[in-house]
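Undergrad: Below is one structure. I have some questions about it.
The values are calculated or read from the model by the stated rules, or taken from the named source; none is laboratory data. It should be emphasised that the depicted structure is a prediction, and the values quoted were computed from it without experimental measurement. Every residue, glycine among them, receives a Cβ derived from its backbone with ideal geometry; neighbour counts consider all protein chains shown. Side chains are part of the model used for accessible areas, which takes the heavy atoms of the whole protein and leaves out ligands, DNA and RNA. Shrake-Rupley method; radii C 1.70, N 1.55, O 1.52, S 1.80 Å.
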Amino acid sequence: QVQLVESGGGLVQAGGSLRLSCAASGRTFSRYTMGWLRQAPGKGREFVAAVSWSGGSTRYADSVKGRFTISRDNANYTVHLQMSSLKPEDTAVYFCAARAGMAVVSPPEDYEFWGQGTQVTVSS
């Protein structure tokens, strides 16, 4: 079982940056693939980025490649999403999610545990 709490969302102008954080609790955090997913108004949840147990393998949605960076700190049970060059279309609720196992997956339905989400709004 993993409990997840996101922070760091807010309002930013287009072209700006934000850093999201996810604090995890649970004894086996280092055994989970961690992901960030988002949900824009009126749309379904979509994959943003994921990182493997060790942090050595990452995956990104095409829409954020080169702009977002996911990282994790297993010693402090945290996962971060550094977002740069933000666009209005990045506006969404961002969720931290966890999945037991090694695969760095993308489909939202593959994630077992979810945080409550944090709102990111990018103004034009």
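Undergrad: Within segment 101-120, which residues are surrounded by 14 or more Cβ atoms within 10 Å (Cβ to Cβ) and not in a loop (DSSP other than H, G, I, E, B)?
TA: PRO108, ASP110, PHE113, TRP114, THR118, VAL120
Undergrad: Further question: Output yes when any residue across segment 46-68 is in contact with a His (Cβ under 7 Å, 6 or more places away or on another chain) and open to solvent by 20 Å² or more (accessible area, probe 1.4 Å), and no when none is.
TA: From segment 46-68, those in contact with a His (Cβ under 7 Å, 6 or more places away or on another chain) are none; that's our starting set.
No, segment 46-68 contains no residue that is in contact with a His (Cβ under 7 Å, 6 or more places away or on another chain) and open to solvent by 20 Å² or more (accessible area, probe 1.4 Å).
Undergrad: I've got another one for you. Looking only at segment 73-92, how many residues end up being within 12 Å of the chain's Cα centre (by Cα) and open to solvent by 40 Å² or more (accessible area, probe 1.4 Å)?
TA: 1
Results for (1) modelled with pLDDT under 95; (2) open to solvent by 20 Å² or more (accessible area, probe 1.4 Å); (3) touching an Asp or Glu at 6+ places or on another chain (Cβ under 8 Å), shown as yes or no for each residue.
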position	(1), (2), (3)
SER25	yes, yes, no
MET34	no, no, no
LEU37	no, no, yes
PRO41	yes, yes, no
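Undergrad: Enumerate the pairs (first residue in segment 62-87 and within 13 Å of TRP36 (Cα to Cα); second residue anywhere and open to solvent by less than 80 Å² (accessible area, probe 1.4 Å) and part of a loop (DSSP other than H, G, I, E, B)) with beta-carbon separation below 7 Å, excluding pairs fewer than 6 apart on the same chain, so at least 6 apart or on different chains.
TA: Every condition considered, the pairs that remain are SER71/GLY55; ARG72/GLY55; MET83/SER17; MET83/ARG67.
Undergrad: Can you name the residue in segment 1-23 that is modelled with pLDDT of 95 or more and in a loop (DSSP other than H, G, I, E, B) and is also least open to solvent (accessible area, probe 1.4 Å) among such residues?
TA: Filtering first and then ranking leaves GLY16.
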